[in-house]
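Taking it in order: structure first as structure tokens, then the write-up.
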Amino acid sequence: MSICAPAARRTFARGVHPRECKGLAENSQIEAIASPPKVRIPLLQHLGATCLATVKPRQEVEPGDVVGEATAPVAAPVHASVRGKVERATMVTLPNGRHVPAVPIAVADRQPLEGDALLEDVYGGDYPFTGLSRYLPEAIRDAARAAGLVGLGGAAFPTHIKLAPPERTPIDTLLVNGCECEPYLTADDQLMQFAPRPILAGALLAQRATGAGRVVVGVEANKPRAIRSLRRAAEGTEVEVAVLKPKYPQGGEKQLIAALLQRAVPTGKLPLDVGVVVLNVGTAAALARAVVRGRPLAHRVVTVSGGGIRRPANLLVPLGSSVRHLIEHCGGLRDDAARVVAGGPMMGFTLGTLDTPVTKGTSGITVLSQREVRHAAETACVRCGRCVEVCPMRLVPTKLGLAARAGNAELARRHHVAACIECGCCAYVCPAQLPLVQLIRLGKVLARS
Amino acid sequence: MPASPVLPLIEVAPSPHVAEADSSTRRMMIDVLIALLPVLGIAVVVFRWFAVVQVGVCVLACLATEMVCCRARAKPLSLADGSVAVTGVILGLSLPWAAPWYIGVLASVMAVGLGKAVFGGLGYNIFNPAMVGRAFVMLSFARELGAAGYVVLESSLEVLTEPTPLMAAEEVTRAMGVEGLWPLFVGHLNGSPGETSAVALLLGGLYLCFRRSAAWAIPAGMILSGYVCAEVFYAAGLTMFPPLYHMFTGSFFFGAFFIATDPVTSPVIRRGQLAFGAGIGVLTMLIRVFSGYPEGVMFAVLLMNAAVPLLNRWTIPRPMGGPVAAP
């Protein structure tokens, strides 16, 4: 951590502080990756219903063309990320193991924009802070929906729904999430340094759409350059930049709301039930681009890092590129690479194949080496209670694990299994190395039945 | 030249993919052994070979019993986690230094066999194994483990000819007058090898709490409630020992930091741990003052062990955001 890190004490209760390991990719500026020979655009990249393909094989598409349209209220359309020719529909496996239909596009040799020009097109140029009143809340929501915006922090919840709070729950605060508490990941950090203006413009637009009185950007103190960059850009606006004590899982929206506003989101409810809307910094920037320029979400910044990758980097990636393409761009895997994780090491999913496409929710690819991966052998639970001490949701993970193992749905419910956010703090500290998150997921299914 | 991304075998596993460094069951047990070093040191200084033999016999007997039990249950041998060695050391330190070898062996067999293996081994036992073993021999060999077991008048070591500070026969104590607190604190008085020096116990105990290998709430609850109880009983004239005397004598600190804190047999939730410790403190004082036994920690721990499932159930925390709304 830098010596100029501001002294920040604000944070949520409990949680853990894993080794940050952000140094690997921390200083790599965002670079636009060359287009792969082929992209496969999954028709489900969000939480909600799968899209319907709107293109036919052999059809030519340009970047930004709709290739799948949302047919349900909770869904977001998907767009072509490259110029090319549509191929026959196929299936892909998402990082979470789900099989979904996808539109493959053979990428044309000449792209309208590539490299630095693409980067400049996405994040550069003027993103105004004034005169935003000409965008009506309804127009902002429509632009978000048309652009296929979803939460880029990982959960991929459609953004236009967040921006349309029901009347019974007035929104007073818009939080912009720049915590990036997962170890290794630095994409948001780089984005805040490189593109503070789109982030802030997006935050102000979201404020207009939700009617929030206050806008706060929460950043952890371990990103001093991002904090400086945002503060400088935010001068003269009403956006507050709040510094938080680094801790995991601060980027979880319930934890961020607790840390900044001391409010608890009721179990099973959404932030808007306590008058808050939370957007990731990347989502805010994409919202600005969608509203101000009418451009859809077709690229995203992805951190490729970890001890198992030769050249860690932060990349601007066309959605639908394969993980293999990213890894090859980063010099390939090292010999001791053990796991390829979509996301960070605390909550990410391991990939069984490198052909998995990058989706809107892919914040990073963490390649862990043998040395970095947990390895210790599992013993019986010694009931030390460390999992209870660190659980940010105030649950008793050991009992949830026990309930799942015993198939005891009643015990799982009595211990509020549904309130678990699966952050993994419990399993991280467990001396017995129990796979608590896996067991709790099982317990959730059990408790619903 | 990009390396082939196909070849290294990539694993698939549930998150989280990283773990806290140096966090393992084995490490917790090693912490207990480290924390016991000052206590062992004092024990060896005061009781010489008596302490070495007693602890050695118990550790070896515990390990041997575990081996037999694992073989009998057709389970892989797991001495490496260190939990059995910890049971042995604690048992050895809690028995009278003069108890004959077969008492140590019997106590160990009972501790590991009856206290642990029959419940399913590490993590599944309800009662503190060392205390199960000790209770067994205490009830079976009342003479050797009673007050007389600590005094050998013909011993060459002077300390061993003195009565223990908590001896039941009140007239003995009355005749001596109440000891000053300092010798109890430093610990060159007679007693079980593990309980003589409050300062050594405090040192090791604080290390354990600092390392989080013991839950601080348990000793905190026990010492606080034990002190309050002792104060009340003293004020009411029910005991002739002042409260601090009760704290520094017998196995009170040993129990607070090393016996009650056995994670397997104590609650997992902070409030439960406080209540558990407080319960042991109160029971210890009740047994010391009102029963025929001079010492109460062992029975107090075993009784509270039985209450742990209930405490865990009573103290289920309210999740952040409240309980799940009824559908």
> For the stretch A:11-110, list the strands (runs of 3 or more DSSP E) that sit wholly inside it and hold at least 1 residues that are under 21 Å from the mean Cα position of the chain (by Cα); which are they?
Replying inline: A:38-42, A:90-93, A:99-107
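Could you please find all residues in the stretch A:326-337 being without any contact (Cβ under 8 Å) to a residue 60 or more places away in the chain and either surrounded by fewer than 22 Cβ atoms within 10 Å (Cβ to Cβ) or within 8 Å of chain B (Cβ to nearest Cβ) (or both)?
Scanning the stretch A:326-337 gives A:I327, A:E328, A:G331, A:G332, A:L333, A:R334, A:D335, A:D336, A:A337.
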> How about the stretch A:226-242: which of its residues are closer than 16 Å to A:R10 by Cβ, of a type in the set (A, V, I, L, M, F, W, C) and open to solvent by 10 Å² or more (accessible area, probe 1.4 Å)?
Replying inline: A:V241
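Find the helices (runs of 4 or more DSSP H) located wholly in the stretch B:1-104 whose residues include 1 or more that are more than 21 Å from the chain's Cα centre (by Cα) and more than 28 Å from B:L145 (Cβ to Cβ), and list them. Before you say what the answer is, go through the steps one by one.
Values: elements: B:25-47, B:49-72, B:83-94.
Hits in the stretch B:1-104: B:49-72.
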>> Restricting to the stretch B:290-306, give me the number of residues that are within 9 Å of B:M131 (Cα to Cα) and free of Cβ contacts under 8 Å to residues at least 60 places away in the same chain.
In response: 0
>> Going by what's in this entry, would A:K245 be described as within 30 Å of A:V367 (Cα to Cα), touching a strand residue (DSSP E or B) at 6+ places or on another chain (Cβ under 8 Å), open to solvent by 10 Å² or more (accessible area, probe 1.4 Å) and in contact (Cβ under 8 Å) with a residue 24 or more places away in the chain?
In response: yes
> Mind checking which residues of the stretch A:236-291 are part of a helix (DSSP H, G or I) and in contact with an Asp or Glu (Cβ under 7 Å, 6 or more places away or on another chain)?
Replying inline: A:P271, A:V281, A:G282
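Just one of A:L47, A:L24 is aliphatic (A, V, I, L, M) and under 30 Å from A:L261 (Cβ atoms); which is it? Break it down into steps so the answer makes sense when it comes.
Values: A:L24 fails: under 30 Å from A:L261 (Cβ atoms).
A:L47 is the lone residue from the list that is aliphatic (A, V, I, L, M) and under 30 Å from A:L261 (Cβ atoms).
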> Are there any pairs with C-beta distances below 8 angstrom linking a residue in the stretch A:266-291 that is assigned by TED's automatic domain parsing to the domain that holds A:A164 and on the phi > 0 side of the Ramachandran plot to a residue that is assigned to a helix (DSSP H, G or I) and open to solvent by 10 Å² or more (accessible area, probe 1.4 Å), with the two at least 6 apart or on different chains, and if so which?
Replying inline: A:G268/A:A418
> Counting only residues that are open to solvent by 10 Å² or more (accessible area, probe 1.4 Å) and small (G, A, S), how many does the stretch B:252-279 have?
Replying inline: 3
> Would you pick out the residues in the stretch B:280-296 that are closer than 21 Å to B:V268 by Cα and open to solvent by less than 10 Å² (accessible area, probe 1.4 Å)?
Replying inline: B:I280, B:G281
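Going through A:I33, A:I41 one at a time, which residue ends up being within 14 Å of another protein chain (Cβ to nearest Cβ) and either acidic (D, E) or open to solvent by less than 10 Å² (accessible area, probe 1.4 Å) (or both)? Can you show your working first?
On the way: A:I41 fails: within 14 Å of another protein chain (Cβ to nearest Cβ).
Step by step, each of A:I33, A:I41 is checked, and only A:I33 is within 14 Å of another protein chain (Cβ to nearest Cβ) and either acidic (D, E) or open to solvent by less than 10 Å² (accessible area, probe 1.4 Å) (or both).
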> Restricting attention to the stretch A:44-62, which residues are over 22 Å from A:G153 (Cβ atoms) and open to solvent by less than 10 Å² (accessible area, probe 1.4 Å)?
Replying inline: A:V61
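Is it true that some residue in the stretch B:30-47 is within 13 Å of chain A (Cβ to nearest Cβ), open to solvent by less than 40 Å² (accessible area, probe 1.4 Å) and in contact (Cβ under 8 Å) with a residue 24 or more places away in the chain?
First pass over the stretch B:30-47, keeping only residues within 13 Å of chain A (Cβ to nearest Cβ): B:30-32.
Still in the running and open to solvent by less than 40 Å² (accessible area, probe 1.4 Å): B:31-32.
Within this subset, residues satisfying the condition of being in contact (Cβ under 8 Å) with a residue 24 or more places away in the chain are B:31-32.
Within the stretch B:30-47, one or more residues are within 13 Å of chain A (Cβ to nearest Cβ), open to solvent by less than 40 Å² (accessible area, probe 1.4 Å) and in contact (Cβ under 8 Å) with a residue 24 or more places away in the chain.
The values are calculated or read from the model by the stated rules, or taken from the named source; none is laboratory data. Computed from a predicted model, the values in this text were never measured in an experiment. No Cβ is skipped: glycine too gets one built from the backbone with ideal geometry, and neighbour counts run over all protein chains shown. Side chains included, ligands, DNA and RNA excluded: accessible areas come from the protein's heavy atoms. Shrake-Rupley method; radii C 1.70, N 1.55, O 1.52, S 1.80 Å.
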